[in-house]
1. Take the residues in the range 223-261 that are out of contact with any strand residue (DSSP E or B) (no Cβ under 8 Å at 6 or more places or on another chain) and among the polar types (S, T, N, Q); name whichever of them is farthest from Ser302 (Cα to Cα).
2. Given the options Gly184, Gly123, name the one that is of a type in the set (Gly, Ala, Ser), touching a helix residue (DSSP H, G or I) at 6+ places or on another chain (Cβ under 8 Å), under 25 Å from Pro95 (Cβ atoms) and in the same structural domain as Pro70 (by TED's automatic domain parsing).
3. Report whether or not Val304 is touching a strand residue (DSSP E or B) at 6+ places or on another chain (Cβ under 6 Å) and under 18 Å from Glu101 (Cα atoms).
4. Return the residues of the range 9-23 that are in a loop (DSSP other than H, G, I, E, B) and farther than 13 Å from Val257 by Cβ; say none if nothing qualifies.
5. Of all residues in the range 289-302, how many are over 13 Å from Thr258 (Cβ atoms) and surrounded by 19 or more Cβ atoms within 10 Å (Cβ to Cβ)?
6. Mind checking which residues of the range 1-25 are among the hydrophobic types (A, V, I, L, M, F, W, C) and either farther than 13 Å from Val273 by Cα or surrounded by fewer than 17 Cβ atoms within 10 Å (Cβ to Cβ) (or both)?
7. Are any residues in the range 183-219 part of a loop (DSSP other than H, G, I, E, B) and touching a residue at least 60 places away in the same chain (Cβ under 8 Å), and if so, which ones?
8. Select the helices (runs of 4 or more DSSP H) contained entirely in the range 316-421, then report the ones holding at least 1 residues which are basic (Lys, Arg) and either without any contact (Cβ under 8 Å) to a residue 60 or more places away in the chain or in contact with a Leu (Cβ under 9 Å, 6 or more places away or on another chain) (or both).
Amino acid sequence: MQVLDSFLDAMGNTPLVRLHTVTRGLRPAVLAKLEMLNPGGSVKDRIGIRMIQAAERDGLLRPGGTIVEPTSGNTGHGLAIAAAIHGYRCIFVMPDKMSQEKISLLRAYGAEVVITPTSVPRGSPESYYSVADRLAAEIPGAFQPNQYFNAENPRTHEETTGPEIWEQTDGGVTVFVAGVGTGGTITGVGRYLKRMNPGVVVVGADTEGSVFTGDEPRPYLTEGIGEDFWPDTLDPTIVDRWVRVADREAFLMARAVTRQEGILVGGSGGSAVVAALTVARDLGPDATIVVLLPDTGRNYLSKVFSDGWMRQYGFLEGPEVVMVEQVLSAKAHELPPVITVLAHDKVRQAVDLLQANGISQAPVVREGSTDVSQFVGSIRDRELLERVFRDPDALQADVASVMAPPIPVVEWDAPVDAAFTELERAPAVLVAKSGQVLGVLTRSDLLDFLAHRRQRPSA
């Protein structure tokens with residue numbers, strides 16, 4: 001029987017696919033290495049298990065230990081899969097520019113996620129690097145793989161990804177292109193390919209606001225590439241040419257590859273393709289360019305593939321898009337932003353809370369927290385009335401035993417269309433930012449906003 005021993009054995013040997021449409025008019029062959037077909041959906045799956053195995057061999061990670069890692073999401077997914085199989089606890093620290101899809105996916109594996117501000121320097125105590133360092137130092141038995149300084153990162157690609165590309169092209173690859181974040185992929189693959197053929201040209205795709213191409217460090221929106229420092233895992237002597245790609249170029253190319261080639265990629269994949277096409281314009285038909293597409297666009301549906309989000313940042317032309325945050329800000333603020341009921345409260349307490357605040361519904365939380373993961377259900381006066389009318393003893397029951405499903409969640413920076421879609425099915429939505437609930441929007445809130453929109457200067 002052809003059966004894998006574990007999910008981790010599905011790692012690697014991702015295919016090469018020729019690009020046809022976005023390369024029209026160019027002479028070289030441009031081949032895409034589809035790393036989104038790894039088990040966790042990204043190239044970072046390759047290094048997750050290898051870093052864990054190395055830590056186990058060196059005695060740095062023992063049974064029952066905790067893995068703490070600063071990540072833009074994808075490394076966390078790879079580590080979380082390996083940790084789930086090996087039985088480790090995981091805590092991942094992410095900057096707040098990361099998509100909600102990435103955060104939710106990490107939590108789906110049982111990992112804990114800590115969100116930190118993007119717009120702080122690396123040395124700030126609030127940066128995601130510093131927070132990860134602090135947690136790793138404070139938690140007994142914690143280990144930080146630290147992909148930015150872990151030699152297993154480039155070594156993994158030198159031993160796996162590079163040989164795959166060489167074999168798949170029968171040694172015919174002449175140019176290798178990849179986005180650069182930790183630098184592990186481009187360093188490891190580049191070392192192997194140059195060892196096999198010193199003439200292979202290695203091209204790094206960088207983003208505006210990154211130090212790799214000499215920019216002053218500043219915030220940018222492309223996830224997973226660019227840095228405000230030089231990681232130990234990047235050997236800059238391996239990179240023969242750099243191509244700087246702006247956010248807008250990266251995102252529009254990601255959408256083009258998805259819609260024209262049928263390959264759903266993220267923004268960093270868009271950056272890599274822009275760099276590959278830039279290089280291809282100067283080369284002839286004998287060149288074979290391999291561009292590594294690091295992850296799937298499913299991680300960015302609420303951003304790169306949202307017309308409203310793209311228009312909000314000026315990446316798409318079109319009519320003004322009203323964002324969910326505008327509707328929330330326009331609400332009257334006589335009440336607290338979020339009124340919640342605890343799952344272990346009694347129904348009588350929940351009824352008193354609804355009446356005291358003059359509201360007809362409220363979310364139910366496990367604990368008194370605004371973290372999205374704590375919102376486990378909802379209560380509505382109509383359902384409570386029916387339950388209590390038929391069974392007066394229900395007033396003494398725990399809210400958890402009578403609650404309805406959770407209220408839907410929309411992101412604060414989503415277009416109001418997203419809230420409208422949910423409100424067609426549910427009477428209210430929760431508005432979240434970086435995994436924290438900011439407030440509640442009801443159908444009447446949206447209707448009031450639309451009815452008075454022209455009277456509000458902020459609209």
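1. Among residues in the range 223-261 that are out of contact with any strand residue (DSSP E or B) (no Cβ under 8 Å at 6 or more places or on another chain) and among the polar types (S, T, N, Q), the one farthest from Ser302 (Cα to Cα) is Thr237.
2. After ruling out the rest, the residue left standing is Gly123.
3. Working: touching a strand residue (DSSP E or B) at 6+ places or on another chain (Cβ under 6 Å): no; under 18 Å from Glu101 (Cα atoms): yes.
Taking the combined requirement at face value, the residue does not satisfy it.
4. Residues satisfying the conditions are Met11, Gly12, Asn13, Thr14, Pro15.
5. Of the residues in the range 289-302, 5 are over 13 Å from Thr258 (Cβ atoms) and surrounded by 19 or more Cβ atoms within 10 Å (Cβ to Cβ).
6. Once the filter is applied, which keeps residues that are among the hydrophobic types (A, V, I, L, M, F, W, C) and either farther than 13 Å from Val273 by Cα or surrounded by fewer than 17 Cβ atoms within 10 Å (Cβ to Cβ) (or both), the range 1-25 yields Met1, Val3, Leu4, Phe7, Leu8, Ala10, Met11, Leu16, Val17.
7. Going through the range 183-219, the residues part of a loop (DSSP other than H, G, I, E, B) turn out to be 183, 197-200, 208-210, 214-219.
Scanning the range 183-219 gives Pro217, Pro219.
8. Fully inside the range 316-421 and qualifying: 347-357, 381-390.
The values are calculated or read from the model by the stated rules, or taken from the named source; none is laboratory data. Computed from a predicted structure; not experimentally measured. Virtual Cβ from ideal backbone geometry, glycine too; neighbours counted across all protein chains shown.
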